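Structure first, then comments.
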Ligand code: 5AD
Ligand code: SF4
């Protein structure tokens, strides 16, 4: 029998919300559905199946999903065979409520059950709605068919750890993604080697709490640093990154790796959330401002040029102007090259949900001030790159004719206009200009 031609294939449109783990999951779901006769499309208009891979971290994210679903009404009316699915953390948290609130949804699958997606899709073809929000015993990554062998972009995400045991008072992750689980070292290495064969040069290891990684290895456990050293030996892999980390799991071997492991990039996302000890305590963060700053000093001693990134929440219940000022002072002290900041959003079922809120206008104003400070720091660090030589992994053509863009080791976007800059190659670049969101440079030969 001849292979399926493109024309025979059904079309799958996936829209991904939220974190990088969802980006990885969407890729795996697309591959799993590839085995069920689907290929991906970048528009919902001609799709046979639409899948929203959702995020539940803040309130508005779930509402966005419902309004997006509403927009598919017309498509479903035009094509009654169109299947609509919801995956990810909203699926996990809301379960069949989604089908109740939006009857055009055919399928709801949680983040721990998506290896069952092909069976679920088959069920929907029989006209039966499919729901699976289990936390099954089996390893979903093992149940998923081997990853495709097709050539791919030079950077990739690889999930090595899922779930979180930290229970920060504001966060739904421990409930939606469950307890911390690490994938065994050998399986991660096999997947990494497969990615490298397909053209990947940079791997970002993902986990909700990735530095708590403790993957099975030779009858024992291996830390994230151990895993990074194993990956450091993989020929053809040039760069390793990881995200997201908790300060309390930033162990000595990981800090040392930042000083000595040549493929580990000098960039670290280490959220602190607040600079006020009172608020950190109420957030159940189990660290204080002083220990965080000391930790940053140790990391910088190991790798002085490391670029730091963080997450901040403003307007956490009972945050006073002084508490907020403590956060601003901490930012002044640390100096971030990048940061993500959010207004506190009440998540039902979390401990903080019962507490008195800060006035919304006050929280908005604090967010504005905090973002202005971060933008200023980000700008200063980006501008300080001008005149320096960096290594750029080229990823894709740029906006302008003849341009190629890639990332420096510090994760700055860098563009050059040079035919010798080729996708998948790392080249030395002298930075000559700092623009709004990127740096411009020229290839150099040193
Ligand atoms: N409200 C606002 N921000 C939140 N985050 C997590 N939960 C909430 C919430 N309820 C932020 C934290 C976390 C990031 C992924 O999202 O800063 O580090
Ligand atoms: Fe949520 Fe805290 Fe776990 Fe991060 S460490 S996922 S913020 S509970």
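The values are calculated or read from the model by the stated rules, or taken from the named source; none is laboratory data. Given the structure is predicted, the values throughout are model-derived calculations rather than measurements. Because the Cβ atoms are built from the backbone with ideal geometry, glycine has one as well, and the counts that use them run over all protein chains shown.
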Report task. Could you tell me whether residue 174 is within 16 Å of ligand 1 (Cβ to nearest atom), out of contact with any strand residue (DSSP E or B) (no Cβ under 9 Å at 6 or more places or on another chain) and modelled with pLDDT under 95? Result -> yes
Report task. Kindly indicate whether residue 349 is at positive phi, surrounded by fewer than 20 Cβ atoms within 10 Å (Cβ to Cβ) and within 16 Å of ligand 1 (Cβ to nearest atom). Result -> yes
**Report entry** Conditions (1) part of a loop (DSSP other than H, G, I, E, B); (2) away from ligand 2 (no atom under 16 Å from the Cβ): number failed by residue 230
**Finding:** (1)
Query raised in the report: Among the listed residues 391, 437, which satisfies the condition of being touching a strand residue (DSSP E or B) at 6+ places or on another chain (Cβ under 6 Å), free of Cβ contacts under 8 Å to residues at least 40 places away in the same chain and at negative phi?
Result: 391
Requested in this report: From the list 166, 123, pick out the single residue that is within 30 Å of residue 346 (Cβ to Cβ) and modelled with pLDDT of 95 or more.
Outcome: 166
Query raised in the report: Out of curiosity, is residue 402 modelled with pLDDT under 95 and either within 16 Å of ligand 2 (Cβ to nearest atom) or over 21 Å from the mean Cα position of the chain (by Cα) (or both)?
Result: yes
Report summary line: Among residues of region 203-214 being outside any helix (DSSP H, G or I) and touching a residue at least 40 places away in the same chain (Cβ under 8 Å), the residue nearest to ligand 1 (Cβ to nearest atom) is 208
Query raised in the report: For residue 221, are the conditions met, namely being surrounded by fewer than 21 Cβ atoms within 10 Å (Cβ to Cβ) and more than 16 Å from ligand 1 (Cβ to nearest atom)?
Result: yes
Query raised in the report: Considering 243, 223, which residue is under 27 Å from residue 406 (Cβ atoms) and within 24 Å of the chain's Cα centre (by Cα)?
Result: 243
Query raised in the report: Just a yes or no: is a residue in region 263-273 at pLDDT 95 or above, over 26 Å from residue 27 (Cβ atoms), buried (at least 17 other Cβ atoms within 10 Å of the Cβ) and out of contact with any strand residue (DSSP E or B) (no Cβ under 7 Å at 6 or more places or on another chain)?
Result: no
Requested in this report: Hand me the list of helices (runs of 4 or more DSSP H) wholly inside region 1-85 holding 3 or more residues that are over 30 Å from residue 314 (Cα atoms).
Outcome: 20-34, 73-78
Query raised in the report: Which of the residues that make up region 372-387 are out of contact with any helix residue (DSSP H, G or I) (no Cβ under 9 Å at 6 or more places or on another chain) and surrounded by 14 or more Cβ atoms within 10 Å (Cβ to Cβ)?
Result: 378, 381, 382, 385, 386
Report task. Taking the options 85, 95, 110, 127, name whichever one is in contact with a strand residue (DSSP E or B) (Cβ under 9 Å, 6 or more places away or on another chain) and on the phi > 0 side of the Ramachandran plot. Result -> 95
